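Down below is the structure, laid out as structure tokens.
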Amino acid sequence: MKASQLMNGTSMSSPNVTGTVACLLSALKAQSISWSPYLIRLALENTARLPKDQNRFTVGSGLLQVDDAYNFIHDHQSLISPLLTHFKIKINDVNARGIYLRERYQTCYMDTYVIAVQPEFKPESGTSLLFIYSLLSEMRRKYYFHQVFYI
């Protein structure tokens, strides 16, 4: 590949995203702003710019805007705890990988799925964060919510 050659596609977007995230993390570290992988992703997806005459099916979330992503994280740094590591997701009390509706007959009637989402935190997160989550979980068992709680 020549130094002046222009390429595109997913193979070319990976180094671009890697460099963008490296710059973003460097700026966050310099300003002592806590972050989590989920907050980084949320910021990148919500601040990406959709080019004119393009749609989300063609370009996904759009073009990364590192300055806007930094400002988003700066303004919303408490939205998602940096102690959050991952989510345990259970569907209909089995360890299914997801809900798949591939065939037309599967979409011709209404069906109900029970989906349990449990956040997992770093061991050093302490008992107060786990207590808040447990309290919210108990509230959800007593009441039906259509909302997601952010800790």
Mind checking which of Ala30, Ile73, Ser61 is farthest towards the positive end of the range 10-75's charge dipole, using Cβ charges of +1 (Lys, Arg) and -1 (Asp, Glu) about the Cα centre? Ser61
Sorted from largest down, what three extents in whole angstroms do the Cα atoms of the range 10-75 have along their principal axes? 38, 25, 18
Residue by residue, what Karplus-based ³J(HN,Hα) values in Hz, rounded to whole numbers, does the range 103-114 have, using 6.51, -1.76 and 1.60 with θ = phi - 60° and x for Gly and Pro? 9, 4, 4, 6, 10, 8, 9, 7, 9, 10, 10, 9
Karplus ³J(HN,Hα) for the range 37-50 (6.51 cos²θ - 1.76 cosθ + 1.60, θ = phi - 60°; Hz, whole; x = Gly/Pro) runs x, 5, 5, 4, 4, 4, 5, 5, 5, 7, 10, 5, 9, 7
Sorted peptide list for 77-89, 33-45, criterion being average Cβ within 10 angstrom, highest first: 33-45, 77-89
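A short reminder: the numbers here are calculations on the coordinates, not readings from a lab. Note that the coordinates shown come from a computational prediction; the quantities given were computed from them, not determined experimentally. Glycine gets a Cβ as well: all are built from the backbone with ideal geometry, and neighbour counts include every protein chain shown.
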